[in-house]
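Here the structure is laid out as structure tokens; the discussion comes afterwards.
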Amino acid sequence: MNNVNTKLIKGRMPVYVALLILVLSGMWMLGRCSHPQNGSVAARFTHPGGDTLAVAIEMSPLTYAYSGDTVVGFDYELIRQMCAAHGQPVVFQPFAPLEYALKGLEDHTFDLVVANLPATSAIRKNYGTTEAVFTDRAVLVQRADTADSSAMITNTRQLAGREVWIADGSTLRSRLEHLAAESGEDIIIKSNPEYSAELLGIMVQQGKIPCAVINETVARQLKSDYPDIDISLPISFSQFQTWIVRRGDDSLLNKLNSWIKQYKATPAYRHLVNKYMQ
């Protein structure tokens, strides 16, 4: 029987090899599609045209995520509900690296970019920023179960000389550079286009990177899943979180601002805040 099985396997080996090559090729192509090399999102998303609002939305626990077969997220639900209330057609394109979304905004592939973006002066200078959707602040994510308690960072001065990760393109870079200037010592700021804020928190928990600075709302959700991380050290003051449109797109900006102001006065908005941020 063993000889029969061996001959059968050998006879089918070319088929197995061909299938393996097909699978590996498919995985490679998926990787190419997920992370375009030319910095453009046009290859994987086309604006539907007409009056449809094309939204590039960051993949994160707070903004846009999957719960089983269901899409969830504070910003995702907020936009869907506002658009439904005003009869506005809308499509979503989730993203991780911020640079792709911003490039798509400039190329008119997207009308709106939704991410964990504080309304800093640099953002306001280059883009149209909406009414504040909510407030947030940045915190340091580090492991809480380190054997050496003295290795824990308890104040921002201890960041001097440390390796700190941030999401690629994050406005938190300027905040860390400011802290480095205050201390007179460099902070080694690291980022990678492949790593979202959520992934950075998970990588800290896994011991793959020493620490990361991300928004507190995302960090709190990670903390509920990974209790062995510490998120107690704030890195910035509370800041208004906004969405961005192309600079000069005043018609869309005014419309969104009106909708946001109206929606924030409703019980539905308070329900979303309680659902995602409490």
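The relative contact order of the stretch 103-233, computed from alpha carbon pairs under 8 Å that lie at least 6 residues apart in sequence, is 33 percent. Highest average first, the peptides 72-83, 250-261 ordered by how many other beta carbon atoms sit within 10 Å of their residues are 72-83, 250-261. Ranking Gln221, Asn254, Ala197 by Cα position along the charge dipole of the stretch 139-278, where only Lys, Arg, Asp and Glu carry charges on their C-beta atoms, puts Asn254 farthest toward the positive end.
Enter the per residue convex hull volume of the stretch 133-239, computed from alpha-carbon coordinates, in Å³ rounded to the nearest integer. Working shown, then result.
Values: hull volume 10.6 nm³, N = 107.
Dividing the Cα hull volume of the stretch 133-239 by its residue count gives 99 Å³.
Note on the stretch 113-163: Cα Rg divided by 2.2 N^0.38 Å, N the number of residues, gives 1.68.
Under 5 Å from the amide H of Ile189 lie the amide H atoms of Val164, each residue being 5 or more positions distant or on a separate chain, with H modelled from the backbone and absent for Pro and chain starts. Cross-link reach is defined here as a Cα-Cα straight distance under 13 Å, omitting same-chain residues fewer than 8 places apart; for Lys103 the aspartates and glutamates meeting it are Asp111. For the stretch 175-221, with all protein chains in place and a probe radius of 1.4 Å, 43% of the accessible heavy-atom surface sits on carbon or sulfur.
The values are calculated or read from the model by the stated rules, or taken from the named source; none is laboratory data. All figures in this text were calculated on a predicted structure; none of them were measured in a lab. Cβ coordinates were reconstructed from backbone atoms using ideal geometry, including for glycine residues, and neighbour counts include every protein chain displayed. The accessibility values were calculated without ligands, DNA or RNA, using every heavy atom of the protein model including side chains. Shrake-Rupley method; radii C 1.70, N 1.55, O 1.52, S 1.80 Å.
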